[in-house]
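Data first, discussion second: the structure below is written as structure tokens.
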Amino acid sequence: MEKQETSKICCVTGGSGYLGYWLVKKLLEKGYTVHATIRNLDDESKVGFLKSLPGAATNLVLFQSDIYNPHEFKHAIQGCEFVFHVATPMQTTDTQSSQEIIKAAISGVRSIAESCLQSPAVKRIIYTASVLGASPLTKDGFNVNSCTYTVSKTLAEKEALRYNGEANTNGGKLEVLSLACGLVGGETLLSFVPSSMAVMISQLIGNLSTFVALEYMEQLLGSIPIVHIDDVCEAHVLMGEEKEGIAWDKSKLVKMGFVYKYDMENILDDSVKCGRRLAVVVSLNC
Ligand SMILES: NC(=O)c1ccc[n+]([C@@H]2O[C@H](COP(=O)([O-])OP(=O)(O)OC[C@H]3O[C@@H](n4cnc5c(N)ncnc54)[C@H](OP(=O)(O)O)[C@@H]3O)[C@@H](O)[C@H]2O)c1
């Protein structure tokens with residue numbers, strides 16, 4: 001793919017994960033300079049993999065940052081226009097309690113948002129949320145059956161959105177957007193099946209533990225919204241791109257049953273006729 005040109009610098013937390021890696025690759029292809037964070041810069045397999053991406057030699061800078069030491073993200077955030085907060089703490093050891101993971105997810109978001117406010121170049125944080133947080137059964141993330149992941153994602157998203165509109169040190173306003181993703185699958189650039197894809201195909205591979213996660217999703221949402229990894233990352237990029245002007249949306253009104261009688265042509269025709277009737281539009285007769 002031909003590399004496009006942009007001078008934008010952005011940060012991707014969790015650059016070596018399933019979504020993060022695909023997003024970093026896409027951003028590099030689009031010509032962005034990417035500050036990607038990973039937990040361990042000594043992990044040659046992850047570092048080597050990231051450095052092998054096209055464009056990485058010139059446009060990728062790696063930073064070591066752990067959500068359990070959230071101040072570490074500030075170096076990666078410095079000088080960036082957009083911060084894609086993709087990383088999330090997962091259960092990695094049996095000794096980690098749910099409360100620890102949930103607390104880390106929230107304080108991670110808080111610390112990243114504070115670093116963004118201290119770094120006036122940052123215009124927007126794009127938080128990778130989960131549709132699980134939108135379930136009516138997970139109000140505030142809590143429900144008798146909610147797993148640690150659901151609670152942490154719901155509360156971390158809330159914390160992130162709390163920073164929307166906060167003033168940075170230059171008096172500018174930080175924007176926080178949240179992208180609630182369904183179950184992601186379709187392809188991977190990793191050499192193993194990512195956990196969400198394992199959940200998606202759990203019935204085919206006969207894996208009961210991942211099937212339980214599928215059932216859990218259905219229980220919370222009434223259905224299982226799925227989405228392709230490429231669309232997810234393309235949507236992230238779109239949310240990081242500044243658009244000139246505002247796209248108006250009339251879909252809510254239409255959904256409520258409103259029918260527009262006049263299209264653009266009718267409106268302009270009628271306006272010209274009216275202008276002629278009131279003698280402010282001169283007939284050109286051409
Ligand atoms: N996949 C889905 O279906 C789906 C759906 C909705 C939302 N999401 C969200 O998308 C994001 C990425 O998910 P994924 O499917 O790509 O999962 P993943 O492959 O497991 O990636 C998780 C990422 O988080 C990083 N991470 C974990 N613990 C960390 C810590 N303590 N400090 C810093 N980084 C840490 C990992 O970094 P290392 O590689 O350095 O360990 C990895 O990059 C998550 O926020 C997830 O909630 C995913």
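The values are calculated or read from the model by the stated rules, or taken from the named source; none is laboratory data. From a predicted model like this one, the values you see are computed outputs, not experimental measurements. Glycine gets a Cβ as well: all are built from the backbone with ideal geometry, and neighbour counts include every protein chain shown. Note: accessible area is taken over every heavy atom of the protein model, side chains too, but ligands, DNA and RNA are not part of it. Shrake-Rupley method; radii C 1.70, N 1.55, O 1.52, S 1.80 Å.
Worth a mention:
- Cβ separations smaller than 9 Å between residues 6+ apart or across chains give the following pairs from region 88-108 residues that are within 20 Å of CYS181 (Cα to Cα) to residues that are more than 10 Å from the ligand (Cβ to nearest atom) and open to solvent by 100 Å² or more (accessible area, probe 1.4 Å): ILE106/LYS158.
- Which numbered condition SER107 fails, given (1) crowded, with 21+ Cβ neighbours inside 10 Å; (2) within 15 Å of the ligand (Cβ to nearest atom); (3) at pLDDT 95 or above: (1)
- For the criterion of being under 22 Å from ILE67 (Cα atoms), surrounded by 15 or more Cβ atoms within 10 Å (Cβ to Cβ), in contact with a Pro (Cβ under 9 Å, 6 or more places away or on another chain) and among the small types (Gly, Ala, Ser), SER196 fails.
- Count - residues of region 19-48 that are out of contact with any helix residue (DSSP H, G or I) (no Cβ under 7 Å at 6 or more places or on another chain), open to solvent by 20 Å² or more (accessible area, probe 1.4 Å) and not acidic (Asp, Glu): 6
- Taking first residues from region 121-143 that are farther than 12 Å from GLU157 by Cα and partners that are among the acidic types (Asp, Glu) and modelled with pLDDT of 95 or more, the Cβ contacts under 9 Å between residues at least 6 apart in sequence or on separate chains come to ALA121/GLU81; VAL122/GLU81; LYS123/GLU81; LYS123/GLU175; ARG124/GLU81; ARG124/GLU175.
- Test: residue in region 90-103 that is farther than 25 Å from PRO120 by Cα, of a type in the set (A, V, I, L, M), within 10 Å of the ligand (Cβ to nearest atom) and not in a helix (DSSP H, G or I): yes
- Qualifying position, being at pLDDT 95 or above, part of a helix (DSSP H, G or I) and aromatic (Phe, Trp, Tyr), among PHE84, PHE63, PHE73: PHE73
- Filter result for the condition that a residue is among the basic types (Lys, Arg) and more than 9 Å from the ligand (Cβ to nearest atom), over LYS74, LYS46: LYS74
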